[in-house]
There are 4 protein chains.
Amino acid sequence: MLHFECDYTKGAHPAVLENLCADNLSSHPGYGSDVHCSRAAELILDECGLADGRVFFLSGGTQTNATVIDALLRPWQGVVCADSGHIAVHEAGAVEASGHKVITIASDDGKVSACSLRKMLESFYSDSTWPHMVIPGMVFLSHPTELGSLYSVRELKEISGICRQYSLPLYIDGARLIYGLASDETDVDLKAMAGIADVFYIGGTKAGCLFGEAIVCRNADLLPEFFTLIKQHGALLAKGWLLGLQFEALFTDGLYRAIGRNAIDMAMKLKEGFLSNGYRLHVDSPTNQQFVILPNEVVDRLMPDVGFSIWGERGERETIVRFVTDWSTRDEDVSALIAML
Amino acid sequence: MLHFECDYTKGAHPAVLENLCADNLSSHPGYGSDVHCSRAAELILDECGLADGRVFFLSGGTQTNATVIDALLRPWQGVVCADSGHIAVHEAGAVEASGHKVITIASDDGKVSACSLRKMLESFYSDSTWPHMVIPGMVFLSHPTELGSLYSVRELKEISGICRQYSLPLYIDGARLIYGLASDETDVDLKAMAGIADVFYIGGTKAGCLFGEAIVCRNADLLPEFFTLIKQHGALLAKGWLLGLQFEALFTDGLYRAIGRNAIDMAMKLKEGFLSNGYRLHVDSPTNQQFVILPNEVVDRLMPDVGFSIWGERGERETIVRFVTDWSTRDEDVSALIAML
Amino acid sequence: MLHFECDYTKGAHPAVLENLCADNLSSHPGYGSDVHCSRAAELILDECGLADGRVFFLSGGTQTNATVIDALLRPWQGVVCADSGHIAVHEAGAVEASGHKVITIASDDGKVSACSLRKMLESFYSDSTWPHMVIPGMVFLSHPTELGSLYSVRELKEISGICRQYSLPLYIDGARLIYGLASDETDVDLKAMAGIADVFYIGGTKAGCLFGEAIVCRNADLLPEFFTLIKQHGALLAKGWLLGLQFEALFTDGLYRAIGRNAIDMAMKLKEGFLSNGYRLHVDSPTNQQFVILPNEVVDRLMPDVGFSIWGERGERETIVRFVTDWSTRDEDVSALIAML
Amino acid sequence: MLHFECDYTKGAHPAVLENLCADNLSSHPGYGSDVHCSRAAELILDECGLADGRVFFLSGGTQTNATVIDALLRPWQGVVCADSGHIAVHEAGAVEASGHKVITIASDDGKVSACSLRKMLESFYSDSTWPHMVIPGMVFLSHPTELGSLYSVRELKEISGICRQYSLPLYIDGARLIYGLASDETDVDLKAMAGIADVFYIGGTKAGCLFGEAIVCRNADLLPEFFTLIKQHGALLAKGWLLGLQFEALFTDGLYRAIGRNAIDMAMKLKEGFLSNGYRLHVDSPTNQQFVILPNEVVDRLMPDVGFSIWGERGERETIVRFVTDWSTRDEDVSALIAML
């Protein structure tokens, strides 16, 4: 069986697991107050070029999004995102559960455009009934988006400019950040990200950790008493050092970049394989998620031997299919898949 | 100044106020446990033909919607409504504040169509990731809708059939119910409403009361410990008999119908006045809200002397404008407005 | 039947009702943006000596408490109050429903003492696990308390000093404020209250209005976008001018004080009546609530003719009973009650 | 340094880690739909003697409590627990964050007694104002409690009887369950627990896992759509099989019992050591947490070499100190500690 279902089908990258195992019988204070969390935070802030930043480690993406958004909003505010945004669709109402509306902006490619954001905000405040409505309180982006697309530094800066104009914190979900950073078609690196986003997170779960996401905050004042809020959201890992150990491994000896490199190389090879076999792309993604339009009979033929996701129907005879690569994708697996096409 | 801004610009219908004043110095037990609330509930259930129903009186529409929806949903569920639904737009996130997503269905005329509801539900459950999403838990309609449109009995029954199929309670917001019941173009009466909706409310605020809405519930089991939930939502009026007294007046000697009658007569006269003066309607509303397309210069001309609402722009030269009638609208005011056109 | 059950058994003081009725057929813009609300706010701020304050009118006490507390707290914070505090006991969990813990301090007389407040806060921060606990975020007092007791200016200032030290807004529930202000045993007047509390409310429901409470805020920055939050809590009255009209009446020609005066005179006469007949007080209340210890046979004897509340048992043979006076209590009713003892 | 701070200072029991590592490069479907979760659930249900039960795996205790409680309560209900209950004190308001009050019962030994529970419920419903208060909706116990105390089967059955009488689900927090089951002074085994509790959880984090708790539910109907609620609470681990793998190890070859055995043996040796050195116990705990009263100079002397928790002051010269053992506590460490006394 070849696995392209998603980027979290296996355990940890061996180097990450190694770091965990080597430390297994050491004793640590709990809840992230250990040396490994400190060290990992330092390594991350250093790569981000943030002297005064703060890092918080949580176990998973949904809890990370829910906790950050709960921290940044006041009760009368909602969070603005693309209509395909993970928080709008696939987090089972976690944002609403903490009392906040998710205010969506229509988007074809998974991105919020500066233009549509500005239009939405202008339109909101030009409606005299706005005080009866949920007030936009922050902006949520994903980089890469749910469709594998990427923002350019210029696009992020435009959005950030609008955010500043309306006093909206800008938060970026980086569940798959590494697969954006490693793309050949991006000018966004960690320093750019850290310079633009008020808060963002570096995904570990989809980047070779067993679990874990690292929230990076430019200015700790944005997240006051955040430890307590993490605890309240049930997102405070008792053995917090497990998160520190994994991110320490990720940010040592270039492992994080290497993981991204492999995934992108494999994804690009896969894309070329599809194109050279005459298939069309649903979107032209420069990252580790590839969305391809396949005739239904090809889908049926691949299914017994290849893991992938059905993204949706495309008329009666074709299906949009998603293939995902990660740190563990092997060249021979990609070749084998291409050979089946 | 002529007032067509909305149906709640004045105090109470004189007969309602009279009932309040006559009782002013009587002593009553609080919180709705008085004889006037009992009597009003009886009168309402009788008109609804509900032998086993229950009535609860609350002060306003937003708190009524929020409390009923909170009672009917479980934490993992959301409420389905039209994208123009009052709860989706103009209640400042009251539904989200109690933890629930508002799941919207696109609609041109303010109505949820049975077809779009069925499609949405089928599409939801055909997506294999549905357990990661907010689960539809009830359906919310308004009758009349925000655009003054009305459901037919057949349409309501179709929707109710889908609701039963998916075990979704059907709740109908009747803030302007009387202006639907009194319309010449409806087959929905209170008995039909009560026979189809699991819970609905009869608006008082917009129908000649100072304030007050009467929730009608076919089966009290649907709203267990509802008194306590009303209290928790801050929606339990201490001097609850004030609500009973007002609805008692409304449902005595045909006052409720008379109020509807006047508003519809005035609205229809207004509509004819617009049409006969060559103006187009934005929607052809059979109820007390009339949406007309007016040239901008007409809008400017009317503004100093007439109260109405700007609904939106229509190109560069025209504006969509809303005129609303109610129990207090006088024939001479409508004539005066028409004369100005 | 003599009525001493509570201070909200009748409609409105005739002068309040008169103001409502006289205006009944005038047209007003909704939601509190009318001239009567403006005028009433001015009158109140003037009496409070607050040049830069803000007033907001809501319908009832529970929604007022819930909305103010929701505005003042962040998600990780709770509200500190006496264990008998209304929000801790009798608001059906409205505070928790907006996500916040009510942190109680033991109290015999319904008051939070500065000493117990300081001890609680010191003890909280001296526990090294405090970041795992709900963080005290504001202090809630009632004046008068649930037991009719009153704070002195000195006591309030001590509490306020501790609040400032810990950056906790001080909020005072004044559902029965007038019956504190009118007491012969107080040095707290509206100016003192307004000078000490960050936010407080002047109860109307229990002071001769049909309904209505006036939130007074020293500094509008404390309650940003509060209009929207009021709407979200379902606490925004559509016909908001009804609140303005009532408070206008209350703060014209000394009506507010006169209402307090009558209630206190009647309560003191009642207290003397109990004492001179040899009954003991449960607490010695200087306000309109009198708590008396009565032999069970007296309780049984009074019950058919007198309305009062059973507060609790006191051993096997006695019961603690509450008698309440208000603006409508007549001298002859008090005399009649005393005659029955 | 000797470590007795708590039972989660180290990574995983070697056998648990081994199981994780051996599987590291296998591919699995996410979110708990894998074979290891199925197998672990089977092993657990088998030990519990539950043919129709359900098992859910979550990462940590606070999220487990918050999610189960959110599932079992309706909005107007609260959860009853001891005043020292973890949810009442040390979960940062997670229960309140989902809208529910924690209703506490005073307790000296960390246990809720059947007698105090019955009294509380009787007193609640005998107060005529109860519909204005948060309605008790479920009972929360910990076994062992925060103070290391244990319920007997008879005590649990008494409590469960009261719960049934009032239709309250009984939920038991088993963060340290193994250290109760392994105690020499208990008649509660997994089958008894499963036969009495409606829902309980088997703690993994404190029993040799890296993280993980297994919710056991007698009847899946009690937790409808629980998968979605887990997701909403941010408690759904993407690589869910990591939880299955760990519990599989725990419930294979008697590892779970062995872990309990070691901790109890070490705790009892420690207790004897304290007693034989003339120290008094704060409570006489039969489980892995030992609460001892030590002179302050002994506390100061031990501190540089031994990890333990300060539980509180005991007068001016003594301190209550907690020592905790677990699967990793070695006999020589206990001997070394005793030697220092």
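The values are calculated or read from the model by the stated rules, or taken from the named source; none is laboratory data. Just so we're clear, the structure is a prediction, and the values are computed from it rather than from any experiment. So basically every Cβ, Gly included, is an ideal-geometry build from the backbone, and we count neighbours across all protein chains shown.
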One residue from A:250, A:236, A:229, A:243 being on the phi < 0 side of the Ramachandran plot, out of contact with any helix residue (DSSP H, G or I) (no Cβ under 6 Å at 6 or more places or on another chain) and crowded, with 24+ Cβ neighbours inside 10 Å = A:243
State whether the residues of the range B:141-163 include one that is assigned to a strand (DSSP E or B) and either of a type outside the set (Asp, Glu) or more than 14 Å from chain A (Cβ to nearest Cβ) (or both).
-> yes
Residue A:44 being crowded, with 18+ Cβ neighbours inside 10 Å, β-branched (Val, Ile, Thr) and over 20 Å from residue A:215 (Cα atoms) | no
Sort out which residues of the range D:164-186 are buried (at least 23 other Cβ atoms within 10 Å of the Cβ), of a type outside the set (Gly, Ala, Ser) and part of a helix (DSSP H, G or I), and write them in order of number.
-> D:177, D:178, D:179, D:181
Which of the residues spanning the range A:244-281 are over 19 Å from the mean Cα position of the chain (by Cα) and among the aromatic types (Phe, Trp, Tyr)?
-> A:274, A:279
Of the conditions (1) within 30 Å of residue C:30 (Cα to Cα); (2) assigned to a loop (DSSP other than H, G, I, E, B), residue C:285 clears all except one; give me its number.
-> (1)
Scope the range C:32-47; condition touching a residue at least 12 places away in the same chain (Cβ under 8 Å), over 20 Å from the mean Cα position of the chain (by Cα) and on the phi < 0 side of the Ramachandran plot; matching residues | C:33, C:34, C:35, C:36, C:37, C:38, C:39
Considering the range B:79-123 alone, what residues qualify as being in contact with a helix residue (DSSP H, G or I) (Cβ under 6 Å, 6 or more places away or on another chain), of a type in the set (Asp, Glu) and assigned to a loop (DSSP other than H, G, I, E, B)?
-> B:91
Identify all residues within the range C:48-66 that are in contact (Cβ under 8 Å) with a residue 60 or more places away in the chain, over 14 Å from residue C:197 (Cβ atoms) and over 15 Å from the mean Cα position of the chain (by Cα); write none if there are none.
-> C:52, C:56
Give the range D:266-277 a look and list any residue that's free of Cβ contacts under 8 Å to residues at least 40 places away in the same chain and either closer than 15 Å to residue D:324 by Cα or acidic (Asp, Glu) (or both), or say none.
-> D:271, D:272
Unique residue being more than 17 Å from the chain's Cα centre (by Cα) and of a type outside the set (Asp, Glu) when the list is C:167, C:142, C:152, C:183 | C:167
What number goes with the only condition from (1) touching a Pro at 6+ places or on another chain (Cβ under 8 Å); (2) surrounded by fewer than 18 Cβ atoms within 10 Å (Cβ to Cβ) that residue C:276 does not pass?
-> (1)
Taking residue B:127 as the residue in question, decide whether it is within 14 Å of chain A (Cβ to nearest Cβ), of a type in the set (Asp, Glu) and without any contact (Cβ under 8 Å) to a residue 12 or more places away in the chain.
-> yes
For the range D:155-186, which residues satisfy the criterion of being over 29 Å from residue D:74 (Cα atoms) and not polar (S, T, N, Q)?
-> D:178, D:179, D:180, D:181, D:182, D:184, D:185
Given (1) more than 30 Å from residue C:25 (Cβ to Cβ); (2) in contact with a His (Cβ under 8 Å, 6 or more places away or on another chain), residue C:248 misses just (1)
Which of (1) out of contact with any Cys (no Cβ under 9 Å at 6 or more places or on another chain); (2) under 26 Å from residue B:189 (Cα atoms); (3) not β-branched (Val, Ile, Thr) does residue B:70 not meet, given it meets every other one?
-> (2)
Inside the range B:293-311, the number of residues satisfying the requirement of being surrounded by 14 or more Cβ atoms within 10 Å (Cβ to Cβ) and over 21 Å from the mean Cα position of the chain (by Cα) is 9
Here the residues within the range D:71-102 that are at the interface with another protein chain (Cβ under 7 Å from one of its Cβ atoms), surrounded by fewer than 24 Cβ atoms within 10 Å (Cβ to Cβ) and touching a Ser or Thr at 6+ places or on another chain (Cβ under 8 Å) are D:90
Mind checking which residues of the range A:237-261 are closer than 16 Å to residue A:205 by Cα and at the interface with chain D (Cβ under 7 Å from one of its Cβ atoms)?
-> A:237, A:242
Quick check: is even one residue across the range D:278-291 more than 30 Å from residue A:6 (Cα to Cα), in contact (Cβ under 8 Å) with a residue 12 or more places away in the chain, out of contact with any Ser or Thr (no Cβ under 8 Å at 6 or more places or on another chain) and within 14 Å of another protein chain (Cβ to nearest Cβ)?
-> no
Which of the residues that make up the range D:107-160 are farther than 23 Å from residue C:96 by Cα, out of contact with any strand residue (DSSP E or B) (no Cβ under 6 Å at 6 or more places or on another chain) and among the hydroxyl-bearing types (Ser, Thr, Tyr)?
-> D:113, D:126, D:145, D:149, D:151, D:152
Could you run through the range D:12-44 and say how many residues are part of a helix (DSSP H, G or I) and farther than 12 Å from residue D:248 by Cα?
-> 3
On the given criteria, is residue B:284 among the acidic types (Asp, Glu), surrounded by fewer than 23 Cβ atoms within 10 Å (Cβ to Cβ) and over 21 Å from the mean Cα position of the chain (by Cα)?
-> no
Report yes if some residue within the range D:249-264 is within 30 Å of residue B:75 (Cα to Cα), of a type outside the set (A, V, I, L, M) and outside any helix (DSSP H, G or I); otherwise report no.
-> no
The condition of being within 30 Å of residue D:332 (Cβ to Cβ), within 8 Å of another protein chain (Cβ to nearest Cβ) and either at pLDDT 95 or above or within 22 Å of the chain's Cα centre (by Cα) (or both) holds, among D:14, D:29, only for D:14
On the given criteria, is residue C:21 among the hydrophobic types (A, V, I, L, M, F, W, C), free of Cβ contacts under 8 Å to residues at least 12 places away in the same chain, out of contact with any Pro (no Cβ under 8 Å at 6 or more places or on another chain) and within 11 Å of chain B (Cβ to nearest Cβ)?
-> yes
When the range D:203-225 is checked residue by residue, the ones that are surrounded by fewer than 21 Cβ atoms within 10 Å (Cβ to Cβ) and either at the interface with chain A (Cβ under 9 Å from one of its Cβ atoms) or not in a loop (DSSP other than H, G, I, E, B) (or both) are D:220, D:221, D:222
